[in-house]
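The values are calculated or read from the model by the stated rules, or taken from the named source; none is laboratory data. None of these values were measured; they are calculated from a predicted model. Note that we place each Cβ from the backbone using ideal geometry, even for glycine, and neighbour counts take in every protein chain shown. Side chains are part of the model used for accessible areas, which takes the heavy atoms of the whole protein and leaves out ligands, DNA and RNA. Shrake-Rupley method; radii C 1.70, N 1.55, O 1.52, S 1.80 Å.
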Amino acid sequence: MKTTHRLLITTLLAGLMAPAMAAGSHAGGHGDSAIGQPGKAANVTHTIQVDMSDNMRFSAPLISVKQGETIRFVVKNLGKVKHEFSLGTEQELLEHYEVMKKFPDMEHDEPSKVSLAPGGKGEVIWHFSKAGTVNFACLHPGHYDAGMKGQIKVAKK
C-alpha cells in the first residue's frame, strides 16, 4: 500500500512539475532559475547555520549574501516535529505549500530543500547567481502559515 501511495504521489507531482521544469523556473530544475542553481561543495564561499524550532521560526529569518557566492546552509532541527528548509521564489513556495497540504508525508529529493526529523541535521549548497530576493520556508502543513519563513537578500556584485 505504501509503495502504491508513493508511486501515485510521484506520478501526480511529475505531471504538475513537468511544465515548470521544462521552462527552467523550478528551483530543482536544470540551468539557472530565478533563485540561482545548486552549488558545488568545492565552490562554497561561506557557511551559514540555520536552526529550526517548534516556535515555527528560523534562527536566521533574514540572510544577506552577494551575487556570485555559493553558500553552504547547515540546517538543524531543534524541534520535536519534522521541519524543512526550502528555497524558492514566493510563488514557488506557495504552490509547493498547497501540494504539501494535500500530501503531508511527501519526501523531497531536490538540491534546494532539506527535510529533517527532530534532532536532524542537513545541508543545502546553493549558488546565488542573480541579485534580488530568494525566499525560504518550512512547507509542512501549518508551519508556513504560522510564520516559518525567511528571506535571503542577494546584493549585486
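Quick one: count up the residues across segment 82-109 that are surrounded by 15 or more Cβ atoms within 10 Å (Cβ to Cβ), of a type in the set (A, V, I, L, M, F, W, C) and not in a strand (DSSP E or B). Selection size over segment 82-109: 5.
Give me the residue from segment 135-157 that is under 10 Å from the mean Cα position of the chain (by Cα) and open to solvent by less than 20 Å² (accessible area, probe 1.4 Å) and, out of that set, nearest to Ile71 (Cα to Cα).
Pass one, segment 135-157, residues under 10 Å from the mean Cα position of the chain (by Cα): 135-139.
Subsequent filtering for residues that are open to solvent by less than 20 Å² (accessible area, probe 1.4 Å) retains 136-139.
On the way: Phe136: 14, Ala137: 17, Cys138: 19, Leu139: 21 Å.
Within segment 135-157, the match that is nearest to Ile71 (Cα to Cα) is Phe136.
Among the residues of segment 41-74, those that are farther than 14 Å from Lys149 by Cα, in contact (Cβ under 8 Å) with a residue 40 or more places away in the chain and open to solvent by less than 70 Å² (accessible area, probe 1.4 Å) comprise Ala41, Val44, Val65, Gln67, Gly68, Glu69, Thr70, Ile71, Arg72, Phe73, Val74. Would you point out the residue of segment 110-134, among those that are within 17 Å of His96 (Cα to Cα) and small (Gly, Ala, Ser), that is surrounded by the fewest Cβ atoms within 10 Å (Cβ to Cβ)? Selected residue: Ser115. Within segment 25-35, can one find any residue that is at pLDDT below 95 and assigned to a strand (DSSP E or B)? Yes, segment 25-35 contains a residue that is at pLDDT below 95 and assigned to a strand (DSSP E or B).
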